[in-house]
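Accompanying notes for the structure given below.
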Amino acid sequence: MIKIENLHVSVGGKEILKGINLEIGDGEVHAIMGPNGSGKSTLSNVIAGRDGYEVTQGSITYKGKDLLEMRPEERAWEGIFLAFQYPVEIPGVNNTYLLKAGVNARRKHQGEQELDAMEFMQLVKEKAKLVELDQSFLSRGVNEGFSGGEKKRNEIFQMAVLEPSLALLDETDSGLDIDALRIVAKGVNTLRAANRSIVMVTHYQRLLDYIKPDVVHVLADGQILKSGDASLALELEERGYDWVRAEAHV
Amino acid sequence: MSNALNHIRESAWRTFEVDGLPSSRDEDWKYTDLSRIAAVLGESWWSAEAGEAVSADDYLIPDLNAYRLVISNGVVDLAASEIPDAITITPLAALLQDDPDAAVELMLDDSDAPFASGVTALNSARASDGYCICVASNVKLDRPLHILHLSSGGAAHIRTGITIGNHAELEIIEHFAGSDSAAGVTNSLTAIRLAAGAKCEHYRLQLESGKQWHLGRVEVNQKADSSYTLHAVELGSALSRVDVVDDLNEPGAESELNGLFVLSGRQHVDHHTRVAHEAPHCRSRENYRTVLDGRSHAVFNGKVVVAKGAIKTDSAQSNANLLLSNRAEIDTKPELEIYNDDVKCAHGATVGQLDKNQLFYLKSRGLSEEEAKQLLTFAFADELLAKMKSRAVRRYIERAAFAKLPNLSGLEGILV
């Protein structure tokens, strides 16, 4: 699905990512864990195409194409989805119609017929149930006046509607109480598929109790220091990150 | 002509002759320069001739079910109007001819007060037509009243007086539009008097041609527990200056002033508002937004004055401005004058560009850069239009504003 090679990224002249190598196969779920400031969010933002990140070296190949050449909206059309750590409020822009525009822009790009209003509403209602999102949220402004948990649920709802090939969940678990976490995790698990890869960026093991990853990576000091299976997350929860650092720098 | 009317006309004309138009040396007119008007419209610009009249049918608001008053180049056109029976409407020209004393009383009664500016003096001196509208106590008109001011250039001085009786209600849509066949100036003064418990919803839509100069004044006088809402929209004209003066004279009066400018090219729009809290327990809200593209220039001056006895005043004012071009300019000045301690007053002004996080969010969901920009711009403007109760007017203005911001056609329906 995606292959990242020797990726170096600077923000404002400061190097944040210092040679990332990462390959994610179709249908795989990867967790990227690490301490604050290690570059986890930088990685997901670079993949999604946010401004302000300078790639100084390396490459990202997505479905065989050079991802770094694509504009953010082209990445979305090609199936990349970022669930934001801090979902943005956009008063005045209708939540549902934003999604309709997004879905149809992608369908157009892929040469498919655009969905009409009826078909789209059916899709939206079905997906809203998945994350137990109240219908009233559909007609409100994007994230306008939503609580922290509602915003995160809305992100997963959008993911369900947009049906991405590669979903990046940036700290989706932060700010969620246990019930909301369960709902979000259930939604994500339902969306697991052979043609859909998922990357979860998180501090904590607790999300991984609900969504079991195939691979766990430790990102610290701008590099992936260690990779392993789900048991690595448990070990990190217990022992912290310092031992990984010590091991890597030996 | 009666002596009183004569007197007013003559003294107003003398004032105009002596003072002339306000100049940029006057603090209130610092940013708006009327000195070029004679160069554009000729030395006797106040009596410039109009081009060929336009048809009201071309300027109707779709889906608006309303009574209609049409003023074409400053003259009431009864044939194109549909006048309701439930209220009294008299063209000013008829009053001036048949009942000058009534004209004085209802339209030009402020003879002792100094004219606000040469523009107002000129209006008093030259106003040849307009309407006098009386809504009797407890009457609520079943449909809104669409007052369509059409211009095909030339000079028009229009005076409208509206009196709304105790607990009566009126919704009016003052709509200025026309053709660009000739340059022109519109000088419109609308005075609204609300008796106790009266309500007025006032849409003031300025969509004049790019060759028109627009000079407007709205004077509102509110008695106890009355409620006044203004939706001022500025999309048209080369230059527009509007003064809004709202006096809350008795306890419990409420006012809400909403303004939206969407400007492009070299358009210049200046609104000066003055809300005077003269009595206790009054509430005022003011919300102005501008979207400025090209080399356009907007001026907002919002003054709130709270008198000594006006305790428990509740007033809030906000002005937000979006600059789409680095050559556009906004001069904004909120002013508060408070003469007692027992009040709640807030004000704020912001000037900004589109939010980068919002732009990226929309693009990450598949909208193009251009679509995302236009959508955010429009959402910013539309938050104000959402305050309009009339769906037909709101949609009409949305479409007109859409037309000034290209490339939005594929996003129909995306707004809340």
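The values are calculated or read from the model by the stated rules, or taken from the named source; none is laboratory data. Because the structure is a prediction, the values reported are computed rather than measured. Don't worry about glycine lacking a Cβ; one is built from the backbone with ideal geometry, like all the others, and counts go over all protein chains shown. Side chains included, ligands, DNA and RNA excluded: accessible areas come from the protein's heavy atoms. Shrake-Rupley method; radii C 1.70, N 1.55, O 1.52, S 1.80 Å.
The C-beta contact set for the stretch B:14-30 (first residue of a type in the set (A, V, I, L, M), second residue open to solvent by 40 Å² or more (accessible area, probe 1.4 Å), distance under 8 angstrom, 6+ apart or interchain) comprises B:Leu21/B:Ser35.
Annotation: of all residues in the stretch B:265-278 being on the phi < 0 side of the Ramachandran plot and outside any strand (DSSP E or B), the one that is least open to solvent (accessible area, probe 1.4 Å) is B:Gln267. Residue by residue through the stretch B:17-46, note down the ones that are loosely packed, with under 12 Cβ neighbours inside 10 Å and either among the hydroxyl-bearing types (Ser, Thr, Tyr) or over 23 Å from the mean Cα position of the chain (by Cα) (or both). Of everything in the stretch B:17-46, those that are loosely packed, with under 12 Cβ neighbours inside 10 Å and either among the hydroxyl-bearing types (Ser, Thr, Tyr) or over 23 Å from the mean Cα position of the chain (by Cα) (or both) turn out to be B:Val18, B:Arg25, B:Ser35, B:Ala39, B:Glu43, B:Ser44.
In the stretch A:137-146, is there at least one residue being exposed (fewer than 15 other Cβ atoms within 10 Å of the Cβ) and away from chain B (no Cβ under 11 Å)? Within the stretch A:137-146, one or more residues are exposed (fewer than 15 other Cβ atoms within 10 Å of the Cβ) and away from chain B (no Cβ under 11 Å).
Comparison of A:Asp242, A:Asp214 shows that the only residue that is modelled with pLDDT of 95 or more, of a type outside the set (Val, Ile, Thr) and open to solvent by 70 Å² or more (accessible area, probe 1.4 Å) is A:Asp214. Among residues of the stretch B:31-45 being free of Cβ contacts under 8 Å to residues at least 12 places away in the same chain and part of a loop (DSSP other than H, G, I, E, B), the one that is nearest to B:Leu95 (Cα to Cα) is B:Ser44.
Under the condition of being farther than 18 Å from A:Ala160 by Cβ and within 13 Å of chain B (Cβ to nearest Cβ), which residue from the stretch A:113-135 is surrounded by the most Cβ atoms within 10 Å (Cβ to Cβ)? Filtering first and then ranking leaves A:Glu114.
Filtering the stretch B:248-259 to residues that are buried (at least 24 other Cβ atoms within 10 Å of the Cβ) and out of contact with any Cys (no Cβ under 6 Å at 6 or more places or on another chain) leaves B:Ser255, B:Leu257, B:Gly259. Name the residues in the stretch B:346-401 that are assigned to a helix (DSSP H, G or I), in contact (Cβ under 8 Å) with a residue 12 or more places away in the chain and either of a type in the set (Gly, Ala, Ser) or more than 14 Å from chain A (Cβ to nearest Cβ) (or both), would you? Answer for the stretch B:346-401, where residues must be assigned to a helix (DSSP H, G or I), in contact (Cβ under 8 Å) with a residue 12 or more places away in the chain and either of a type in the set (Gly, Ala, Ser) or more than 14 Å from chain A (Cβ to nearest Cβ) (or both): B:Ala372, B:Ala379, B:Ala381, B:Arg391, B:Ala392, B:Val393, B:Arg395, B:Tyr396, B:Ile397, B:Ala400, B:Ala401.
In the stretch A:56-108, what residues are more than 27 Å from A:Gly175 (Cα to Cα), of a type in the set (A, V, I, L, M), surrounded by 17 or more Cβ atoms within 10 Å (Cβ to Cβ) and more than 7 Å from chain B (Cβ to nearest Cβ)? Of everything in the stretch A:56-108, those that are more than 27 Å from A:Gly175 (Cα to Cα), of a type in the set (A, V, I, L, M), surrounded by 17 or more Cβ atoms within 10 Å (Cβ to Cβ) and more than 7 Å from chain B (Cβ to nearest Cβ) turn out to be A:Ile60, A:Leu67, A:Met70, A:Val103.
Would you mind finding the one in B:Val262, B:Val245, B:Val304, B:Val233 that is under 17 Å from B:Glu337 (Cα atoms), modelled with pLDDT of 95 or more, β-branched (Val, Ile, Thr) and surrounded by 24 or more Cβ atoms within 10 Å (Cβ to Cβ)? Before you say what the answer is, go through the steps one by one.
Working: B:Val262 fails: under 17 Å from B:Glu337 (Cα atoms); B:Val245 fails: surrounded by 24 or more Cβ atoms within 10 Å (Cβ to Cβ); B:Val233 fails: under 17 Å from B:Glu337 (Cα atoms).
None of the other options fit; the residue is B:Val304.
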